[in-house]
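One structure is given below, encoded as structure tokens.
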Amino acid sequence: HLSKRLAAVADFVPDGARIADIGSDHAYLPANLLLNKHISFAIAGEVAPGPLANVENEIARHGLHDVLMPRLANGLAAIKTSDLVDTVVIAGMGGRLICQILTEGELDKFRYHRLVLQPNIDIDLVRSWLSENGYQLVDEAVVADDGHYYEILVAEPGNVTYSLRELKFGPYNLTEPSSVWLEKWQREAMRIRNIMRKLESADQSESDAYQEYAKELQTIMEAIA
Ligand code: SAM
């Protein structure tokens, strides 16, 4: 049974894909996809021995030895050419780390049919990395789980340039706004308004900080209008 967040990530893994789940920790995602027969081969990459032991436990628990490969490696070094991986999943870490893993993975040499990424923060950096490195978004999603909003980016090879607005909010989110995406930014707008009110009562309405918040609020309101 996957969390709502991981279930939403799993939704973007194509049937029959050969996946590498990088930073897999418990390997819940690949184990679930394998057990439900959505896929028949997966690699669970982990940089740290502790989480790799969790992967190995999950493999043993479900008897997935033949189809789920545990690999102790930094990032995409977990993948061998002979694995014929077509889909890379990187979920549950910061956007900066995801960009670093992708950069070190030399994706210009190794093309993957699909990347399914779930950055916890710095989502704009990941969108911008994709467009600068020959990948284009093909879908996006936002899920609310456990009091947090999680964004999922789905990318495939292609050339595209995004505006600042698209990098921040997501081109798909902007053209097909989901209620969860709207809720995420409405909540952010409310958070900023509260800060601005506090600054107002502290006579700080002329401060640079206040002006920055006002600008940010306007950007958000335009995006969700
Ligand atoms: N992907 C799972 C999920 O979304 O629930 C687990 C996320 S967990 C918070 C992040 C995992 O990434 C940790 O287990 C950590 O050891 C691993 N990790 C961090 N940097 C990594 C790297 N460069 N290569 C492989 N794994 C990495």
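List of remarks:
- Within the range 86-123, considering residues that are within 18 Å of ALA73 (Cβ to Cβ), more than 11 Å from the ligand (Cβ to nearest atom) and touching a residue at least 60 places away in the same chain (Cβ under 8 Å), the one surrounded by the fewest Cβ atoms within 10 Å (Cβ to Cβ): THR87
- Spans of strands (runs of 3 or more DSSP E) in the range 2-85 with at least 3 residues more than 23 Å from ASN120 (Cβ to Cβ) and either within 11 Å of the ligand (Cβ to nearest atom) or not hydroxyl-bearing (Ser, Thr, Tyr) (or both): 68-72
- Top-ranked residue of the range 44-83 - restricted to ones that are under 17 Å from ALA17 (Cβ atoms) and either under 21 Å from the mean Cα position of the chain (by Cα) or not assigned by TED's automatic domain parsing to the domain that holds GLY16 (or both), ranked as surrounded by the most Cβ atoms within 10 Å (Cβ to Cβ): ALA44
The values are calculated or read from the model by the stated rules, or taken from the named source; none is laboratory data. In this text, all values refer to a predicted model and were calculated from it rather than measured experimentally. Quick reminder, even Gly has a Cβ in these numbers, built from the backbone with ideal geometry, and neighbours come from all protein chains shown.
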